[in-house]
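Okay, so here's the structure we're looking at.
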Amino acid sequence: MDFNNITFQGTAQVCKGWYVTVNVTFNGNLPLTNAIVYAYSNSSGELDASGITNSNGLVQLEVTEFVKNSSTTAYKTPYNFTVSYSSSTGTVK
């Protein structure tokens, strides 16, 4: 699809995004279960997606590359991914 060749009417917009799989490990590549992963847009600092890792330390997030309407294209890439983890023994960010 050629995103430069789209005609818009009214307040219509189109978004292009991607799926990214984040692998969270610790202490010699052991999977970190139930860690919260955040995807922040570097251009705006806004949180775009978040999720919790599974038993393999993996989470799939859907992040936005850009949002386009009749007057502008707002790019949200690149992203900064951060991880937060809490347990009974403490919190790691």
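The values are calculated or read from the model by the stated rules, or taken from the named source; none is laboratory data. Remember, it's a predicted structure, so these values are computed and weren't measured experimentally. When we count neighbours, we look across all protein chains shown, and the Cβ atoms used for this are built from the backbone with ideal geometry, even at glycine. Surface accessibility is based on the protein's heavy atoms, side chains included, excluding ligands, DNA and RNA. Shrake-Rupley method; radii C 1.70, N 1.55, O 1.52, S 1.80 Å.
A few comments on the model shown:
- Taken together, Thr33, Thr73, Thr64 contain a single residue that is within 15 Å of the chain's Cα centre (by Cα) and among the β-branched types (Val, Ile, Thr), which is Thr64.
- Scanning segment 38-93 for residues that are aromatic (Phe, Trp, Tyr), under 27 Å from Ile6 (Cα atoms) and modelled with pLDDT under 95 returns Phe66, Tyr75.
- Residue count for segment 48-59 satisfying the condition of being more than 13 Å from Asn34 (Cα to Cα) and of a type outside the set (A, V, I, L, M, F, W, C): 1.
- Where a residue in segment 35-57 is within 13 Å of Tyr79 (Cβ to Cβ) and open to solvent by 50 Å² or more (accessible area, probe 1.4 Å) and its partner, wherever it lies, is β-branched (Val, Ile, Thr) and modelled with pLDDT under 95, with Cβ under 9 Å and at least six apart: Asn42/Thr77; Ser43/Thr77
- Given (1) open to solvent by less than 50 Å² (accessible area, probe 1.4 Å); (2) part of a strand (DSSP E or B); (3) of a type in the set (A, V, I, L, M, F, W, C), index of the condition Phe8 fails: (2)
- Within segment 68-80, residues that are within 20 Å of Ile36 (Cα to Cα) have Cβ atoms under 7 Å from residues that are part of a loop (DSSP other than H, G, I, E, B) in these pairs: Pro78/Asn42; Tyr79/Asn42; Asn80/Asn42, counting only partners at least 6 apart in sequence or on another chain.
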